[in-house]
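Peer 1: I'd like to ask some things about the structure below.
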Amino acid sequence: MSATPYKLTLRAVLLFEKLTARSFSSLSILNEEDAVTLLYCLQRCEGGGSLLPIDVWKQVLESESVKGELYARLERTLEAMIPLSPPEGTSPSKETDEDTSPDFTSIAGMLVVDGGLSPSYVMDTMELWEIPAFLDALDRKKREALEHQRLFTWMTMMPHLSSDSVGSPEELLPFPWEQAESNARKKHLFDFLASADIRES
């Protein structure tokens, strides 16, 4: 009979971050201390899991039979996580600052406070692969709210502006994502024209 995998919930992820004072994305399963800490978090957040402090709980690993069962379940959990991992060769550069790693504690707060999701769903039901979709939706919602506020501001100011001063809300207050999109369009056009010149010559 194969071991039953643990359910990797955001509650377990947040507990890992609390115990290690590091982002969950920095987890190295080849590091024994990380593996033991993750195992502790997974079993503690499972119904009927041990609530002992981690230093005391580690004593259960002295039993080879118990340790073997726990690690078998951890292995099955990691197997289920494989589809969530980035493809080989896409790992972050070593030059990347470690502080840029996603902090799941902050993400959970955003989903609950800004996104209005149920805390119990976020902490105990949501799977990690769902998070990017929710964050994208939350980002779109924030952008739409900002664009609506900008439009209202522009319409309010229109009677006080000359006809040639500000022709659109985008001119009044361009947002960073619009500037990035504009730069991408300009680059695409430049590349197209450059390639056209080469074909003509």
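The values are calculated or read from the model by the stated rules, or taken from the named source; none is laboratory data. Computed from a predicted model, the values in this text were never measured in an experiment. Please note: Cβ atoms are built from the backbone with ideal geometry, for glycine as well, and neighbour counts cover all protein chains shown. These area figures cover heavy atoms from the full protein model, side chains too; ligands, DNA and RNA do not enter into them. Shrake-Rupley method; radii C 1.70, N 1.55, O 1.52, S 1.80 Å.
Peer 1: Please find, within region 25-35, the residue that is most open to solvent (accessible area, probe 1.4 Å) out of those that are modelled with pLDDT of 90 or more and not in a loop (DSSP other than H, G, I, E, B).
Peer 2: GLU32
Peer 1: Which ranges mark the helices (runs of 4 or more DSSP H) fully within region 118-201 that have 2 or more residues being modelled with pLDDT of 75 or more?
Peer 2: 119-124, 131-157
Peer 1: So in region 106-160, with the set limited to residues that are among the β-branched types (Val, Ile, Thr) and touching a helix residue (DSSP H, G or I) at 6+ places or on another chain (Cβ under 6 Å), which one is farthest from LEU173 (Cα to Cα)?
Peer 2: The residue in question is VAL122.
Peer 1: If you don't mind, another one. Output the residues belonging to region 6-21 that are outside any helix (DSSP H, G or I), touching a residue at least 24 places away in the same chain (Cβ under 8 Å) and open to solvent by 50 Å² or more (accessible area, probe 1.4 Å).
Peer 2: Across region 6-21, the qualifying residue is only LYS7.
Peer 1: In region 114-134, how many residues are within 17 Å of SER25 (Cα to Cα) and of a type in the set (S, T, N, Q)?
Peer 2: 0
Peer 1: Would you pick out the residues in region 119-154 that are without any contact (Cβ under 8 Å) to a residue 12 or more places away in the chain and over 18 Å from the mean Cα position of the chain (by Cα)?
Peer 2: Within region 119-154, SER120, GLU144, ALA145, HIS148, GLN149, PHE152 qualify.
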